[in-house]
Structures are given as structure tokens and as C-alpha cells.
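Can you read through this structure? Questions will come right after.
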Amino acid sequence: MLPKSFEQYKFNEFVNKAVVDLGFDNPTKIQERVFSPVLKGKNIVAKSQTGSGKSHSFLLPIFSKLDVTKKKTQSIILAPTRELSRQLYDMALHIASFSEEDIKITLCIGGQDLNRDIERVSNAPHIIIGTPTRVLELDKSSALAIKEVESLVIDECDMMIDLGFMEDVDKISKRAAENCQFLVFSATIPTQMNHFLKKYLKNAQHIEVDNAKFGKIEYILIPEKSSSRLEKLHEITTVINPYLALIFANKKTEVEEVSSYLISKGLNVGVLHGDLTPRERKQMQRRINNLDFTYVVASDLMSRGIDIEGVSHVINFNIPNDLDFFIHRAGRTGRAGLSGDCITIYNNKDEEKLQDLEKRGIEFNHQDIRNGEFVEAKDRNKRQSRKKVVADHNLTEKLKSKVKVSKKVKPGYKKKYKYKMDKLKQKERRKFAKRSNKANRGK
């Protein structure tokens, strides 16, 4: 039976059947805010991280609006990578399977025979899902008429920028009809997106779901201290018991270093980095989905190109320079109503980044590892906020009046004067130390 929370949207009957089969009890936050505007044909710019139910937020209403009697492509869905395109394609096939009508959906991505794609698209599938470059190639071949499309979805728009696809996205958008509905989804809204949004999404409805507070994620800070970062990482793996842990490193060389180190410690580790061929990436995706690994070490762009389900722990080997990536990383866990841990190894050099993340609403739990378990550690902010008792380094001038100087200069007077002055300084420093200790004990 369709949950009451979905009845208000009046989806097509077969879409409702898909919702029931998917086991959705209530729409997610992003779905609540996206369903109605999509059904009404409004342009949308939606900011929400991966795992928030974003894909179904546009797929369900798009299918509900389809006119199967029209033999033309009504919607194009663009994704930045082949893997994400395949995942959207699989979701779309699942929804379409509940329709008694023959809904045609075509996957168009690089690495496939172009002539074969031309033939498929020439038959005017109702929905095309694919990567920007391949879709543009199909339009140039005259097999696809983008100008007839009623809705254009640009998924993971910020990643389109990172991977250099925005020029192709811009050309596709330029070919769209003036009344085409644009649906743009992005985990962040970088400044490079602003020109595109102003150009094609006038009067768009802007929707934002708070990424930092999305999901039940506990943010844990672990100090590097005297250990090497690799040793601290291994120490963390001896404490946690993950269903699947995703370990992030900033550079490809670090991904290789971390994975090699953990493998040498006997851990079951998968790797995702830029040097993998498309075939290797596909095999790795399959092995991750089959839970062949307990740990997967990844770079940021590679991990965003693959949707990994069931991540119980995210571990930051280091903090990215672009803090938006930190949000992307954390969003890999705590999904579908489940809880998750985001564990970050840090040292004093990371303080500025940590403060910026706290300004974004992230609350860190300070912990360390002792005797094979997590223990509460001192909050770094409390250490910084201590009321400092500043030593007076100008004691000599202040203490001169306390040392009696004879008007008659006698032999050895300088030595005696220095001895008395040193004694007074020592006494003042002892007072300072007592005040300092007392102030710190009060914290």
C-alpha cells in the first residue's frame, strides 16, 4: 500500500507501485521539496549531497509526467561519469518495469559503439541517460533532437565542473528549447556554476538541504600526535568494526601508499584512483558491491564517480584543501536513515581547516585511542580558549625599586645587586607559575 505521505503528489499509478516496491515510508527532505516543482514544470537548482534520495527526487516525477503515446525523447538526464549514468539507468529501468506501457530508456555513454547508440536514439526513446560528451555526439549526428526535449536534468553539476564537462553541458543546454525545464542537482554550488545558472535557469526555484547536518553522522577527531599518520590509521582499523569503510586521501600517491600499507597489515582493501581503466573501475565497482572488501581507499573525484552503498565509516587520512570535498566524503555514510562515523586524523597544522568546518555547523567529538579503544580526549577549542597568564618579561625595571642601592659605591656592589635582583625575579616567577597552574585547573 502506498504510504500516505506520497499520496499528495498524485503520481502515475505505476510510479506509486515502484515507490511501494522501493520500500519508501516517507519522502526524504530533498524529495519533499523537489517532487511538486518538477511535476509543475518549474526550473530547479537543488543543493543536496549524494545519498539524500536525490536521484528518485527527479526520476519519480519525470516518469509520472511521461506521455508514452508520444514517440519522441521527452527527457535527457546527464551524469558526469559512466558509472553514475549506469546507476541512474538501473534505477530508471526499475521504475519503468511497473508500467504496462512500453517505456523506452536508452543509456548513452562513452566506451560503447557510437553507431549502435545512433541507431538506438533514432528510435526516439522516451528517456535518454548518459554522459555529456556522448549525448552531444548524438545530437551532432542528427540522431537526437535536443530542441524537442521537454526536460533536461544535470546531475552532480559541481562534479561536471571538476571533470571538465561544463563546456559540453553548455552546448547541450544551448540546443534545448526555450521552454525546456532545467533540473540542476549539485552537492555544492561553486562560483563557476553561477554563469551557467544565470544563462539557462532564469526564475529557477532554489532548494537547499543542509549537507553538514544531513544524516546521523558522528564526526570524530583523532590527533596524530607522536605516531606517523599511517600508524594512527592502522590503529583506528584495530578499534572499529566496519561493514564497509571508505578511506580518503588527498593525492593519488597517498591512495597508493595507504592501500599498500594496509594490505601489508593483512587488511582486505580495494582501491579507487585516477589511473584505473574504465574496465578496472567497473570491476572494482562490482567487487565493492559484492562486499569483497572491508576497506576501500579512494581519491575524492574517483569516489564521487561511483555510488557506494552501505558505508558505515568514512576515514579522512588527511583533510582536503577544498572543504566541500570534506562534506562530500562525510555524506558517503549516514545514509538511508542509518548512522555512520566520519573519523578524521589531524594535527596542529589542520587547525584553520577545522575551524572553517565548525563554522559550517559540524560539531567534532574529540577522541583518542588507548588500550585498543576510543577514549574521550581534551577538546582542542578548550585548550585554545584558556585564559592565558602572561609572564612579565620586564621584571628588571619593575623590581629596581625593591633593591636598595648604597649611595657609596663599594667593591663588588654590582655582583651583590645582581644577586638580590635574581632572587626577586625568581620569587616573582614562582608566583606567576602558581597563578598559571591555578587558572588551568579551573578549566
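What number of residues within the range 164-207 satisfy the criterion of being touching a residue at least 60 places away in the same chain (Cβ under 8 Å) and charged (D, E, K, R)?
1
Right, another one. Go through the range 110-131 and give me each residue that's outside any loop (DSSP other than H, G, I, E, B) and either closer than 16 Å to LEU93 by Cα or open to solvent by 20 Å² or more (accessible area, probe 1.4 Å) (or both). Spell out how you get there, then give the answer.
If we filter the range 110-131 for residues that are outside any loop (DSSP other than H, G, I, E, B), which is where we start, we get 114-122, 127-130.
Within the range 110-131, LEU114, ASN115, ARG116, ILE118, GLU119, ARG120, SER122, ILE127, ILE128, ILE129, GLY130 qualify.
Here's something else I'd like to know. Consider GLU352 against the criteria (1) more than 27 Å from GLN31 (Cα to Cα); (2) modelled with pLDDT of 90 or more; (3) surrounded by 10 or more Cβ atoms within 10 Å (Cβ to Cβ): it satisfies all of them except one. Which criterion is unmet?
Going through the list (1) more than 27 Å from GLN31 (Cα to Cα); (2) modelled with pLDDT of 90 or more; (3) surrounded by 10 or more Cβ atoms within 10 Å (Cβ to Cβ), GLU352 breaks only (3).
Counting just the residues of the range 231-243 that are aliphatic (A, V, I, L, M) and modelled with pLDDT under 95, which one comes out surrounded by the fewest Cβ atoms within 10 Å (Cβ to Cβ)?
Checked the range 231-243; the qualifying residue surrounded by the fewest Cβ atoms within 10 Å (Cβ to Cβ) is VAL239.
When you look at LEU201, is it surrounded by 17 or more Cβ atoms within 10 Å (Cβ to Cβ) and within 21 Å of the chain's Cα centre (by Cα), yes or no?
On the way: surrounded by 17 or more Cβ atoms within 10 Å (Cβ to Cβ): yes; within 21 Å of the chain's Cα centre (by Cα): no.
Considered against the rule, which asks whether it is surrounded by 17 or more Cβ atoms within 10 Å (Cβ to Cβ) and within 21 Å of the chain's Cα centre (by Cα), LEU201 comes out as no.
If you check SER48 against the conditions, is it among the hydroxyl-bearing types (Ser, Thr, Tyr), in contact (Cβ under 8 Å) with a residue 60 or more places away in the chain and closer than 26 Å to LYS198 by Cα?
On the way: among the hydroxyl-bearing types (Ser, Thr, Tyr): yes; in contact (Cβ under 8 Å) with a residue 60 or more places away in the chain: yes; closer than 26 Å to LYS198 by Cα: yes.
Taking the combined requirement at face value, the residue satisfies it.
Could you tell me how many of the residues in the range 81-109 are surrounded by fewer than 16 Cβ atoms within 10 Å (Cβ to Cβ) and modelled with pLDDT under 95?
Summing the residues that are surrounded by fewer than 16 Cβ atoms within 10 Å (Cβ to Cβ) and modelled with pLDDT under 95 in the range 81-109 gives 4.
Going by the structure shown, is THR73 buried (at least 20 other Cβ atoms within 10 Å of the Cβ), of a type in the set (S, T, N, Q) and under 27 Å from the mean Cα position of the chain (by Cα)? Quick ask: steps written out before the conclusion?
Details: buried (at least 20 other Cβ atoms within 10 Å of the Cβ): yes; of a type in the set (S, T, N, Q): yes; under 27 Å from the mean Cα position of the chain (by Cα): no.
In short, no.
Those residues that are farther than 17 Å from LEU93 by Cβ, assigned to a helix (DSSP H, G or I) and in contact with a helix residue (DSSP H, G or I) (Cβ under 6 Å, 6 or more places away or on another chain), I need them from the range 1-41; list them, please.
PHE6, ILE30, GLN31, VAL34, PHE35, VAL38, LEU39
Here is a further query. Output the number of residues of the range 171-199 satisfying the condition of being more than 15 Å from MET159 (Cβ to Cβ) and either outside the structural domain of MET160 (by the TED database) or of a type in the set (Ser, Thr, Tyr) (or both).
Initial filter on the range 171-199 (more than 15 Å from MET159 (Cβ to Cβ)): 171-183, 191, 194-195, 197-199.
From what's left, either outside the structural domain of MET160 (by the TED database) or of a type in the set (Ser, Thr, Tyr) (or both): 173, 191.
Residues in the range 171-199 being more than 15 Å from MET159 (Cβ to Cβ) and either outside the structural domain of MET160 (by the TED database) or of a type in the set (Ser, Thr, Tyr) (or both): 2 in total.
Considering (1) in a loop (DSSP other than H, G, I, E, B); (2) under 21 Å from the mean Cα position of the chain (by Cα); (3) not aliphatic (A, V, I, L, M), say which one GLU83 fails and leave the rest.
Among (1) in a loop (DSSP other than H, G, I, E, B); (2) under 21 Å from the mean Cα position of the chain (by Cα); (3) not aliphatic (A, V, I, L, M), the lone unmet condition for GLU83 is (1).
State which residue is modelled with the highest pLDDT when the search covers only the range 46-65 and only residues that are open to solvent by 10 Å² or more (accessible area, probe 1.4 Å) and touching a Lys or Arg at 6+ places or on another chain (Cβ under 9 Å).
Per the stated criteria, the residue is SER64.
Residues that are exposed (fewer than 14 other Cβ atoms within 10 Å of the Cβ), at pLDDT below 95 and not assigned by the TED database to the domain that holds SER52: which helices (runs of 4 or more DSSP H) entirely in the range 244-329 hold 1 or more of them? Explain how you work it out, then say what you get.
Details: elements: 252-264, 278-289, 300-304.
Correct list: 252-264, 278-289.
The values are calculated or read from the model by the stated rules, or taken from the named source; none is laboratory data. As the structure is a prediction and not an experimental result, all values here were calculated from the model. Every residue, glycine among them, receives a Cβ derived from its backbone with ideal geometry; neighbour counts consider all protein chains shown. SASA here: full protein model, heavy atoms, side chains in, ligands and nucleic acids out. Shrake-Rupley method; radii C 1.70, N 1.55, O 1.52, S 1.80 Å.
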